[in-house]
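Report on the following structure.
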Amino acid sequence: MTPRLLIALLLLLPADGRAADDRATTPGQIPAKQAEFFEREVRPLFVKHCFECHSAKSKPLQGGLRLDTRDDTRKGGESGPVIVPGKPGESLLIDAVRHDGIKMPPNRKLTPREILILERWVSLGAPDPRTGGPSLSAVAPDSPQARAWWAFRPFQASVPRPTDDTWSRNRIDRFVLNLLRKKRLAPSPVADRRTLIRRLSFDLVGLGPTPEEVDAFVADTAPGAYGRLVEQLLASPAYGEHWGRFWLDKARYADALPGFEGSTANPWRYRDWVIRTLNEDAGYDDFVSRQLATDLIKDTGPDDLAALGFFGLSPSYWKELKLDISLVRETVAKELEERVDVFGRTFLGLTLSCSRCHDHKFDPISNRDYYAIGGVLMSSRPVDRPLAGDDVWLPIREAREQVRNLTVSLAKMKEQLPKTPANKKRFKQIEAKIAAIRKSTEFASNTVMVRAVEEASIHVVPDGPARNRIEFRHGKPRDLHIHIRGNPMRKGPLVPRRFLEVLTAGKLKPFQQGSGRLELARAMFTDGHPLVARVIVNRIWEQHFGQGLVRTPSNFGTQGQKPSHPGLLDDLAARFVTHHWSLKWLHREITASATYRQSSRNRPDGQASDPDNRLLWRFTPRRLAIEPWRDAMLQVTGSLDQRIGGAAGNLGDDNYSRRTLYGKIDRKTLSVILKMHDFPDPGAHSARRKPTTTPVQQLFAMNSPFLFKQADRLATVIGIGNGKPLPSHIHDAYRILFQRQPTDDELALGERFLSGTPAADKTQRAARWSQYLHALLASNEFLFVD
Amino acid sequence: MILDAPQATTHRLDPLSRRAMIGRLGGGLGATGVASALSADQSLSHYGGKARRVIQLFMNGGPYQGDLFDPKPALKKFEGQRPPGATLRTERITAGLLPSIRKFAPRGNSGVVVSDLLPEISRVIDDICVLKGCHSDNPNHNPAMFLMNCGALTSAVPSVGSWVSYGLGSENRNLPSYVVLATGYPVEAPLTWTSAFLPNHHQGTHINHSNLAPEKIIPFLRNARYDRNVQRRQLDLLGQLNRKHLENRGGGDRLASRIQSMETAFRMQFEATDAFNLEQESKQTRDAYGTGKFANGCLLARRVCERGVRYVQLYYDGGQPWDTHNNHNQRMVTLTRNVDRPIASLIADLKQRGLLEDTLVVWGGEFGRTPVSENGNGRDHNHHGFSMWMAGGGVRGGMTYGETDDFGFKAVTDKVHVHDVHATMLHLLGIDHTQLTYRYAGRDFRLTDVYGRVVSEILV
């Protein structure tokens, strides 16, 4: 071993020289450093090299030895104990990995470094922080251990009661204060009223307050003013726009869909459905169930079909039907994988698609679970359909089906038949028939088309020796065979369509009604409700605070991070369910807390002990995403077009003055402005936006015609050149942009910048003003919310 | 170029002042309690690096080693068969062995064997060290791209370029220290050049050089309204306002970072216009590099390196063009024709300008391809064994290191894992890969995680 490698190892190993004292420790009493050493170094070795034969899942269990729990590891196997704590030389485990006598793993020796880690571990007394059962990936999904994972189990929370608590306003605060005190931190003072209204406004509707709104709120000292403001914002239609955009990130919404189907539908109707339904505060259970299965729900009519865009707008890929069937099936399987992924991560915070080829490596999700959900989605075909009932839809569907079949057979005939005059005539006849159907009223119906899913299963079948066909079987749902190792050509056992085993209470319940989409939704909001509620509550929390209580919002499995405040998350989620899954209730509860109302000012003590603000000792200042930033610029210049919904527009057009969420999102070529400002890839679920700061973004702020235009408009709004004195104009600018007075320094800076041009030179004065206002628009104060 | 504003003068740091380096390392080492172990001598002993910058030529999609540097006559003998050793698992279903149709010969004074697909690179082979025994961990593009770019199979950690930028800083404050030239997004981009938890400005700045008008390369690069003096005056005002704002809030990384970023953007307008203006090159040089997106990329790589950019990553193109699952032979001809001459000219040009000795050039994909066929005329991904090469920056030229098995499927002798490639790159830059750490989420992260071996056999 080279000295350098040894040094690297020593860095990793706990070297506090207390090994002897630690031998007798029981779980829970292990020094944190040793526990970390076990988790970082030892456990991964066990998982990688030993669990295949020595864990609860091993069939058969080799040598009667299990290494997946602390107790079993200590107990040993048929050959007796394998560890003598503190004595690597006497431990069978060490002999085995050194291939000294017995050889383990049998066909592959561990690296010297790995062996060294195990030796070091044993010599430390084999500190083992594992409590309870084996790791979740090693247990059956329906076992009590799997179900006891924090994200799956029933809500558990007792509200702390901090002593001498004059700070808390609601239950959220008691959890926060409790933890802050444990780390000897105090919360920050409440922010001033101007800050609060700006924060609330950007948070709830994605727009800033007007100066008049700020004045009114600052002046309103009557009790309940804050609550009234929250209600007013929640009632604004802009609420649905702002929070709708948040949802569309999860749903990987796009306006333009490169793909096989050649859709002519209007994707934006799904976007508008989201906005409308959020504004109605339908309840998250209802909001989700309708996106999965509104066509199967009795009391929602055909006018709700746009909800199905969640799956209807799934990415699809070109399928060359002349290729080997395995390739076509693989493409379909890839599409399915994405659908399972967006379902799992969006609603359940689980990486289900990891189970396509094998049981999940880390979470109690089986290969069967993947195909159980997959069957539901393979029985739900994405399709363009009219925003109307079956009476309108079925004849259109029939006509389209005919055209599709005729087109395919025409292509085949042209390929196979010689071009004799008789054959040419036949081709012509078929072409004419296609044209006739296309012209028929049903086919060319003017009905509004939406992108939805329908009850039809998807099958790739051979069509003669050299071709394949994709068949959609209406009203015939299908269960899927497991694809062995993910290979769609290798059939494993058939798996009935059903919900995830680990989340199902009692016996598995195969779905009976059609594809099972509605039953799936029902299962999520009954058996699966603690997880589903935790996931959405955490997402909403994240939007308000910049970071979730769980910082991996789309991974609540064992590879995700655990919640910083588990009790708080559970308490809030439980109450959210009791309050009929009302998102607006959740916003009220969160914004009412003292935690939310804290000042965002940095504090050295907090910065030193908790720089990431996990403990919430202040409100984390937030940089506006591109949508509210651009919208706010349009808003302050009085040019924001506040109409709601409709077809998408072009963000590259500097005159486009609608809210940014209406800019066209193209999966293939994303708008430059969106791309440079951290907009997520619209082809896949986005767990969260990842803010970056790049010079290219600043070039947009400095040089884009959009900013020039806003600066000019702002000058007009302020009335530059109307004879008012210069400081008065500066005051107006600060009032409109920041809803405050400039400080003396700021006033002086502004005056210095603006003065020095001849009073008569109107052009030059206008130019100076434009530069000045441009700088204010590009400033950090305009981009960051305290 | 020297700009007039004082903030904008071209600024060259010392190769790496010890204080700066220790400052950077301090957080991590202090936290593990061994800061005292890093005596002055020890820390400085790591900094004899020959390379000051890196140009990474990324053949995204995965080039087939057996057509370029790693001939395997045994393939002919077992053509169409799957003898033992030819049945390794890769991403897709494969068939029997498919011999390469290329012709190989020893080249240069060193006699390193190169195929007829690379006649121009053959001419500079004496400057190149081919690593024939490379291997990676995963046959899928996405994790393999992450591993090659970030040293981990997922995206949550910083890219190599970001680590280098973090470790060595920038030699030119007017340009980003880490530039990514790509005429489209490769798989998993832009996460492949993420700075993850490292400070934001170490993230790769992506430049799409498919259109060479500077304002097309970098959107909004040109200010159509103000000249430089007006803009400078405006930015001074903005900087003052932003700094007051920052002070009033007791500081904040992201606020400070944007202030700095604004200044970089200002300088970038002029420096970038200049750096990306290939019209300034002589006809002779342009002819030598040839035409096409990749050729322009190579020339741009040299131009930005000359101007002190620390790490340049040049992708062949967007997507995964080297991913020859079908029509492999045909596509290899086009692919290699597009890179052969530009790369050879880049090496020769760097050498002629005296830049090759302190510029490390790294060539490779995220993995290689199989010696067995897929679909009859294609080749599947192969992470078990593939070739990469390095040149300049303290690497011994005219040698090969490592071998694959008889079929070129799996690395067998002198294997070089991706982590080893990273460790070696850092070493050449004067960084000990075990000591460049960053404390995040409760642990010390490093590019090579707990792995990595410096391949000292290839050092000068």
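Taken together, the values in this text are just the output of simple stated rules run on the coordinates, not laboratory data. Keep in mind it's a predicted model, so treat the numbers as computed, not measured. Heads up, the Cβs are rebuilt from the backbone with ideal geometry, glycines too, and the neighbour counts pull from every protein chain shown.
Listed values, structure above:
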| quantity | calculated |
| --- | --- |
| Protection proxy ranking, peptides A:277-283, A:267-273, average beta carbon neighbours within 10 Å, highest first | A:267-273, A:277-283 |
| A:Ala411 paired with A:Gln156, simple spin-label distance in nm, labels 7 Å along Cα-to-beta-carbon | 5.7 nm |
| Cα convex hull of the range A:520-670, projected area averaged across orientations, nm² | 13.0 nm² |
| Rounded to 5, percent antiparallel among DSSP beta bridges of chain B | 50 percent |
| Nitroxide proxy distance, nm - points 7 Å out along Cα→Cβ at A:Asn170 and B:Asn229 | 5.8 nm |
| Compactness of the protein assembly as shown, expressed as Rg and Dmax over alpha-carbon positions, Å | 31.9, 100 |
| Cα centroid separation - the range A:31-63 against the range B:394-448, whole Å | 28 Å |
| Neighbouring partner chain Cβ atoms per residue of A:731-740, average, 10 Å criterion | 0 |
| Debye equation applied to the C-alpha atoms of chain B, log10 I(q)/I(0) at 0.08, 0.10, 0.11 Å⁻¹ | -0.47, -0.73, -0.87 |
| Peptides ranked, highest mean first, by Cβ atoms within 10 Å: ranges A:453-464, A:163-174 | A:453-464, A:163-174 |
| Dipole-positive endmost among A:Ser728, A:Gly206, A:Phe310 within chain A (Cβ charges, Cα centre) | A:Phe310 |
| Nearest 10 degrees, 0 to 90: helix B:141-150 Cα axis against chain B principal axis | 50 degrees |
| Bridge type composition, the protein assembly as shown - antiparallel percent by DSSP, nearest 5 | 60 percent |
| Segment A:Tyr317-A:His481, extension gain: residue separation times 0.36 nm, minus the distance between their alpha carbons | 56.8 nm |
| Dipole of the range A:435-549 [Lys/Arg +1, Asp/Glu -1 at C-beta], most positive-end residue of A:Leu549, A:Thr504, A:Pro465 | A:Pro465 |
| Base-10 log of normalised Debye intensity for the range A:703-785 (one unit scatterer per alpha-carbon) at q = 0.16, 0.18 Å⁻¹ | -0.57, -0.73 |
| Whole-number percent relative contact order across the range A:325-481, with pairs defined as alpha carbons under 8 Å at least 6 apart | 28 percent |
| Peptide ranges A:567-573, A:87-93 listed from the most packed, as the mean C-beta count within 10 angstrom indicates | A:567-573, A:87-93 |
| Relative contact order [Cα under 8 Å, 6+ residues apart], the range A:29-81, whole percent | 21 percent |
| Distance in nm between pseudo-label sites at A:Ala684 and A:Asn655 (7 Å out along the Cβ direction from Cα) | 3.9 nm |
| Computed FRET value (nearest 0.05) for A:Leu508 with B:Asp287, which takes r as the C-beta separation and R₀ as 60 Å | 0.30 |
| Exceeding the 23 Å Cα-Cα cut-off - candidates A:Lys412/A:Lys433; A:Lys319/A:Lys428; A:Lys48/A:Lys75; A:Lys319/B:Lys293; A:Lys491/B:Lys410; A:Lys48/A:Lys109 | A:Lys319/A:Lys428; A:Lys319/B:Lys293; A:Lys491/B:Lys410 |
| Mean ellipticity per residue at 222 nm, deg cm²/dmol - from DSSP H runs of n ≥ 4 across the protein assembly as shown, formula -39500 (n - 2.57) | -12000 deg cm²/dmol |
| Mean-position separation - Cα centroids, the range A:503-551 and the range A:171-196, in angstrom | 30 Å |
| Inter-chain shielding of A:468-476 (mean C-beta neighbours from other protein chains, 10 Å cut-off) | 0 |
| Radius ratio Rg over Rh of the range A:451-556, counting only Cα atoms, Kirkwood formula for Rh | 1.10 |
| Sites A:Lys762 and A:Thr131, calculated FRET efficiency, Cβ-Cβ separation with R0 56 Å, nearest 0.05 | 0.10 |
| Lysines whose Cα lies under 17 Å from that of B:Lys77, excluding same-chain neighbours fewer than 8 positions away | B:Lys103 |
| Under 13 Å, Cβ to Cβ, from A:Glu78 - net charge with Lys/Arg +1 and Asp/Glu -1 | +1 |
| Other protein chain Cβ atoms within 10 Å, averaged over every residue that makes up B:219-230 | 5 |
| Total formal charge among the other residues, if their Cβ is under 14 angstrom from that of A:Asp286, Lys/Arg +1 and Asp/Glu -1 | 0 |
| Chain A, relative contact order in percent, only Cα pairs under 8 angstrom and at least six apart counted | 15 percent |
| Loop trypsin sites (Lys or Arg not before Pro), the range A:605-659 (other Cβ atoms within 10 Å of the site Cβ: 12 or fewer; DSSP) | A:Arg643 |
| Ascending count of other beta-carbon atoms within 10 Å, so fewest first, for B:Ser165, A:Ser755 | A:Ser755, B:Ser165 |
| Eligible lysines near A:Lys762 by straight Cα distance, threshold 19 Å, same-chain separation 8 or greater | A:Lys709, A:Lys724 |
| Neighbour net charge for B:Gly49 - beta-carbon separation under 11 angstrom, K R +1, D E -1 | +1 |
| Nearest-ten-degree value, helix B:228-248 long axis tilted from longest Cα axis of chain B | 80 degrees |
| For q = 0.27 Å⁻¹, Debye-computed log10 I/I(0) when each Cα of the range A:229-312 counts as one equal scatterer | -1.39 |
| Those lysines that a straight Cα-Cα span of less than 27 Å connects to A:Lys182, excepting residues fewer than 8 apart in one chain | A:Lys33, A:Lys562 |
